[in-house]
Amino acid sequence: MNARTEDSDRSSLLDRVSTALDADATDATELDGGNVGTVYRVAFADRAPVAAKVDDAPLGVEAAMLQYLARETPLPVPDVYHVEQGLLLLEFVAGDGRFDERAERDLARRVAALHDVSAGAYGFPFDTLSGPFSQSNPWTDSWIGFFRDQRVVPFAEAAHADGALPDATLDRVREFADRLDELLVEPDAPALLHGDVHPGNVVFEEGAVRAVLDPAIFYGHDEFDLSYVLRSDAVGDAFLDEYRRHRDVDPAFFETRRDAYDAFHALENVRFFGDRVLDRLERALDGVGV
């Protein structure tokens, strides 16, 4: 994109934001918005700044997830100001970016409180998003059945259709799916999951969580979220120690189940980033013996 096109795009964005909020948007600064869409900090002449996400993905789903979390849970999330095709306007939440032990423990408390929110089955009232991809959430009585039929198999088939997953690896993932009954266990009750929780999706300030971003929510096994957050090199012993003060963690999770969930997270990465991360999935499947 050349400078003239970029300036034109920003001018168009400022016009759209000004119209949506009936306020004079004066400047847009691109932020690190992750792998989905482009995110800007939009400043105004007469009001606090907002975060503007621009993307072809169904941003109304992201807005609905944030509104659900704000309404039904204690998790801090940015307020939703406006959503339309290709544009989502959110409260801009500033932070200092420091993920120290205080922040790690506060994140653990927040995740544990989120997991305390339960439902009568596994799934969600509507289909949600994982990154740019839709994830189906029909209410299901079995966690293992839901995880197999709505996550592992569909994600593998989609990655294969996109050319990122070779035939031989698809066969291995199908074998993995067939073995989930022996690799996983049913939880005592469904827990509300963030679905993509890691320090990069959290705004921290002075050792506290100010906002959690980019949800991929559904009701499932809390070990799904735990396995995801523990994959981050930035997360240490403090997170797990604090989480255990609020919710039990079965020691057997670390023996085999964490590896099984890690295999799925590696599959997600193949779908997101293509076959350049395929070796990570192959190693994860080796780890669970398929």
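Worth pointing out:
- Test result for ASP248, surrounded by fewer than 23 Cβ atoms within 10 Å (Cβ to Cβ), more than 18 Å from ASP100 (Cβ to Cβ) and touching a helix residue (DSSP H, G or I) at 6+ places or on another chain (Cβ under 9 Å): no
- Residue match in the range 110-124 (condition: over 30 Å from ARG47 (Cα atoms) and in contact with a Gly (Cβ under 6 Å, 6 or more places away or on another chain)): yes
- Residue within the range 147-159 that is out of contact with any Cys (no Cβ under 9 Å at 6 or more places or on another chain), part of a helix (DSSP H, G or I), of a type in the set (Lys, Arg) and closer than 30 Å to ASP279 by Cβ present: yes
- Selection status of ARG71, without any contact (Cβ under 8 Å) to a residue 24 or more places away in the chain and either closer than 18 Å to ILE217 by Cβ or part of a loop (DSSP other than H, G, I, E, B) (or both): yes
- Checking each residue of the range 211-231 against the condition of being crowded, with 19+ Cβ neighbours inside 10 Å, of a type in the set (A, V, I, L, M) and more than 24 Å from VAL36 (Cβ to Cβ) gives no match.
- Criterion applied to ASP96, ASP127 was being surrounded by fewer than 20 Cβ atoms within 10 Å (Cβ to Cβ) and under 14 Å from PRO215 (Cβ atoms), and the one residue passing it is ASP127.
- Close Cβ contacts (under 9 Å, 6 or more residues apart or on different chains) running from residues in the range 178-190 that are basic (Lys, Arg) and at pLDDT 95 or above to residues that are exposed (fewer than 14 other Cβ atoms within 10 Å of the Cβ) and assigned to a loop (DSSP other than H, G, I, E, B) comprise ARG179/GLY289.
- Condition broken by ARG231, with the remaining ones in (1) farther than 27 Å from ARG172 by Cα; (2) out of contact with any strand residue (DSSP E or B) (no Cβ under 9 Å at 6 or more places or on another chain); (3) outside any helix (DSSP H, G or I) satisfied: (1)
- Checked against the criterion of being on the phi > 0 side of the Ramachandran plot and in contact with a strand residue (DSSP E or B) (Cβ under 9 Å, 6 or more places away or on another chain), the candidates GLY207, GLY195 yield just one match: GLY195.
- Residue, surrounded by the most Cβ atoms within 10 Å (Cβ to Cβ), within the range 264-273, restricted to residues that are closer than 17 Å to SER232 by Cβ and touching a Leu at 6+ places or on another chain (Cβ under 8 Å): ALA266
- Looking across the range 65-104 at every residue that is of a type in the set (Lys, Arg) and within 18 Å of GLY200 (Cα to Cα), the one that is farthest from the chain's Cα centre (by Cα) is identified as ARG102.
- Check on ARG105, touching a helix residue (DSSP H, G or I) at 6+ places or on another chain (Cβ under 9 Å) and surrounded by 14 or more Cβ atoms within 10 Å (Cβ to Cβ): yes
- Number of the exception - TYR228 against (1) more than 20 Å from GLU186 (Cα to Cα); (2) modelled with pLDDT of 95 or more; (3) of a type outside the set (D, E, K, R): (1)
Residue by residue, here is whether (1) free of Cβ contacts under 8 Å to residues at least 40 places away in the same chain; (2) out of contact with any Pro (no Cβ under 8 Å at 6 or more places or on another chain); (3) over 30 Å from ASP275 (Cα atoms) holds:
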| residue | (1), (2), (3) |
| --- | --- |
| LEU129 | no, no, no |
| HIS198 | yes, yes, no |
| VAL202 | no, yes, no |
| ARG210 | no, no, yes |
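- The residue pairs whose first member lies in the range 1-14 and is within 17 Å of ALA43 (Cβ to Cβ), whose second member is of a type outside the set (Lys, Arg) and modelled with pLDDT under 70, and whose beta carbons are closer than 9 Å, counting only pairs six or more residues apart or on different chains, are ASP9/MET1.
- GLY120 vs. criteria modelled with pLDDT under 95, surrounded by fewer than 16 Cβ atoms within 10 Å (Cβ to Cβ) and part of a loop (DSSP other than H, G, I, E, B): no
The values are calculated or read from the model by the stated rules, or taken from the named source; none is laboratory data. In this text, all values refer to a predicted model and were calculated from it rather than measured experimentally. Neighbour counts are summed over all protein chains in view; Cβ atoms, including those assigned to glycine, are modelled from backbone coordinates with ideal geometry.
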